[in-house]
Amino acid sequence: MKKNKIVRKIPHDALAPKDAAVKYGLSWSGVRVAINRKKIRPIRYGSRWYVTDREMKKYFRTRNALKVPKKYRRSL
């Protein structure tokens, strides 16, 4: 089992999970569920957790939008 990555320096594109949820139009619980299901890999810096823009973009590229219920789908 792979552990979460602990870094010594925060990447320039790191966001707090709540900020990433607002930026990408998701709910905070949706980001939390994706992290728990290992769809998004968080980064730990000290006692704080972060998500990078790269991870969020990878998540949107690889997720199957048809499995998301219609009332929760974003309109593009």
Pairs of lysine in the chain with Cα under 12 Å and at least 8 positions apart or on different chains: total? 5
When N counts the residues of the chain, how does its alpha-carbon radius of gyration compare numerically with 2.2 N^0.38 Å, as a ratio? 1.12
According to a simple spin-label model (label point 7 Å from Cα along Cα-to-Cβ), what is the distance in nm between residue 39 and residue 9? 3.2 nm
Taking 50-61, 5-16 and ranking on average Cβ neighbours within 10 Å, highest first, one gets 50-61, 5-16
Stretched fully, the stretch from residue 54 through residue 27 gains (0.36 nm per residue minus C-alpha distance, one decimal, in nm) 7.9 nm
Given the peptides 21-28, 42-49, arrange them by the average over their residues of other C-beta atoms within 10 Å, most packed first. 21-28, 42-49
Where in region 28-51 is the amide nitrogen less than 16 Å from a point lying 7 Å along the Cα-to-Cβ axis of residue 67? 30-41
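Each reported figure results from applying straightforward, stated rules to the coordinates on display, with no laboratory input. Predicted, not measured: the structure shown is a model, and the values here were computed from it. Positions of Cβ are generated from backbone atoms using ideal geometry, with glycine treated the same way; all protein chains shown enter the neighbour counts.
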